[in-house]
Amino acid sequence: MQADRRGALAVIGGGPAGLMAAEVASAAGASVDVYDAMPSAGRKFLMAGKGGLNLTHSEPLQDFLARYGARQAWLTPLIWGFAPDALRAWARGLGVETFVGSSGRVFPAQMKAAPLLRAWLHRLRAAGVRFHMRHRWCGWQEDGALCFATPQGERAVRTDAAVLALGGGSWARLGSDGAWVPLLAARGVRVAPLRPANCGFDVAWSAHFRERYAGRPVKTVVLAHRASDGAESHQQGEFLVTASGVEGGVIYTLSARLRDEIEATGSALLQLDLAPDRDRARLIESLSQARGANSMANHLRRRAGIDGVKAGLLRELLPPLDFADPVCLATAIKALPLRLVAPRPLDEAISSAGGVAFEALDEHLMIRDLPGVFCAGEMLDWEAPTGGYLLTACFASGRAAGAGAVHWLQQLARVASGATRPPR
Ligand SMILES: Cc1cc2nc3c(=O)[nH]c(=O)nc-3n(C[C@H](O)[C@H](O)[C@H](O)COP(=O)(O)OP(=O)(O)OC[C@H]3O[C@@H](n4cnc5c(N)ncnc54)[C@H](O)[C@@H]3O)c2cc1C
């Protein structure tokens, strides 16, 4: 296959991370080509905008950085380079104003991703960035050229540098399918297996409960989880009962530790406080009052404010005899045990954990063993809860990789001019 040379920098992956790398490199004067397997760029970004695009978060930067857990030290310099305020200013530069919601999360005024993506792609094209859609990257030729599968057949492209921004492994139909993992692993790059993050979980619901309650939201509960090391976490919010288990905001927040516990022990136990506004003593007192001719459903509703899906959960998870004992019943309302047996598959998750290990990269996000090849975005080995932390880290790492590629290209140019020795 003949390799054609299409500019100095190839950015592979036209999601938020890749587009940001392209923008930075192009602004620095590099000749940039973006390749993507899909017919159009930013499909997952557009999907993220469906339920309200949460771009970033307004909390203090120290709290923000702590959301990256074990990878905080790696993400910190990247996010300092493009902190939430800078991200909001960047969006404003594209004509998209943002606002801080009541939860502190930051959204575009129109809540959607499409206007921002449209303006961004327009600006990139105007700056000279070339886009090559339906180009699936398949690895390297023996001579180092990048290989792409295209509708017109295979194509090889030789470049001076490449930024890989191929995403994680969830929602494969939007483009990021994790097929890059074996390609990098075959080149000796350390890649942690992709795992579901911000995901739902399976629960062994009875057929009756599933039929009756699948699709129902469980509003305002507190979920408690105690990890095997004794560390406790309490989260207030709501979740959704699904046919296979549970999903939604408060579940996603706890999902990393729940997934890890299931991997280690086979299951994870949550405790649900179904009545966060009432204390146990008050519940015991009200539930001890004579039921008279009232049904148990009425008694629960009138005395404990529990009905609908919350009452269904009690029926599902509590032995029938416990309903007759106000102490047992009140205790269950405040700490109902719910056993999760498996995370939902990676493809259904909001994001992926795992990916290219930071240890395999230098400070410019260049793969140490593949000089001139940089990585950015969700394909790196970090994870974070929802709340705008995902996109912020993708944008920030995209900028860092784009700047790293520019630095690399400048070094190559200096070598070519005889001003310095080859890099590395
Ligand atoms: C339903 C949903 C809602 C979300 N909501 C939010 C939110 O509100 N806030 C937030 O912060 N995050 C949100 N996210 C997560 C966020 O969208 C992702 O973290 C982000 O898009 C990842 O950016 P990325 O550029 O790393 O990868 P992606 O956006 O996945 O882009 C990767 C690109 O690489 C391309 N590609 C992959 N493999 C190849 C290949 N071999 N050859 C060529 N091209 C390839 C893909 O086609 C794709 O265009 C949401 C995700 C989902 C699924």
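The values are calculated or read from the model by the stated rules, or taken from the named source; none is laboratory data. Everything quoted here is computed from the prediction, not taken from an experiment. Backbone-built Cβ (ideal geometry, glycine too); neighbour counts: all protein chains shown.
Restricting attention to the stretch 125-164, the residues being surrounded by 18 or more Cβ atoms within 10 Å (Cβ to Cβ), closer than 17 Å to GLY13 by Cβ and of a type in the set (A, V, I, L, M) number 7.
Among the numbered conditions (1) closer than 28 Å to LEU340 by Cβ; (2) in a helix (DSSP H, G or I), the only one that ARG302 does not meet is (1).
With respect to (1) assigned to a loop (DSSP other than H, G, I, E, B); (2) in contact with a strand residue (DSSP E or B) (Cβ under 8 Å, 6 or more places away or on another chain); (3) surrounded by fewer than 18 Cβ atoms within 10 Å (Cβ to Cβ), the lone exception for SER103 is condition (2). Pairing residues of the stretch 100-120 that are on the phi > 0 side of the Ramachandran plot and modelled with pLDDT of 95 or more with residues that are part of a strand (DSSP E or B) and not small (Gly, Ala, Ser), at Cβ distances under 8 Å and at least 6 apart in sequence or on separate chains, gives GLY104/HIS57.
For the stretch 112-131, the criterion of a residue being touching a Pro at 6+ places or on another chain (Cβ under 8 Å), away from the ligand (no atom under 15 Å from the Cβ) and in a loop (DSSP other than H, G, I, E, B) is satisfied by no position. Take the conditions (1) aliphatic (A, V, I, L, M); (2) more than 10 Å from the ligand (Cβ to nearest atom); (3) surrounded by 14 or more Cβ atoms within 10 Å (Cβ to Cβ); ALA207 misses just one of them, which is (3). Would you check if LEU94 is surrounded by 14 or more Cβ atoms within 10 Å (Cβ to Cβ), over 17 Å from GLY387 (Cα atoms) and modelled with pLDDT of 95 or more? So LEU94 fits the description; yes. Tallying residues that are within 22 Å of GLU316 (Cβ to Cβ) and of a type in the set (S, T, N, Q) within the stretch 262-291 yields 2.
Here ALA37 passes the criteria (1) modelled with pLDDT of 95 or more; (2) among the aliphatic types (A, V, I, L, M); (3) more than 6 Å from the ligand (Cβ to nearest atom); (4) not in a strand (DSSP E or B) except the one numbered (3). Among residues of the stretch 345-358 that are among the charged types (D, E, K, R), those with a Cβ under 8 angstrom from a residue that is more than 8 Å from the ligand (Cβ to nearest atom) and in a strand (DSSP E or B), sequence gap 6+ or separate chain, pair up as GLU348/PRO196.
Conditions tested, residue by residue: (1) charged (D, E, K, R); (2) near the ligand (Cβ under 9 Å from one of its atoms); (3) within 14 Å of the chain's Cα centre (by Cα).
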{"site": "ARG43", "(1), (2), (3)": "yes, yes, no"}
{"site": "LEU53", "(1), (2), (3)": "no, yes, yes"}
{"site": "SER58", "(1), (2), (3)": "no, no, no"}
{"site": "TRP74", "(1), (2), (3)": "no, no, no"}
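Given the criteria away from the ligand (no atom under 16 Å from the Cβ) and buried (at least 18 other Cβ atoms within 10 Å of the Cβ), does VAL181 qualify? Answer is no for this residue. One residue alone among ALA156, ALA224, ALA231, ALA161 is farther than 22 Å from LEU346 by Cα and at pLDDT below 95, and that residue is ALA231.
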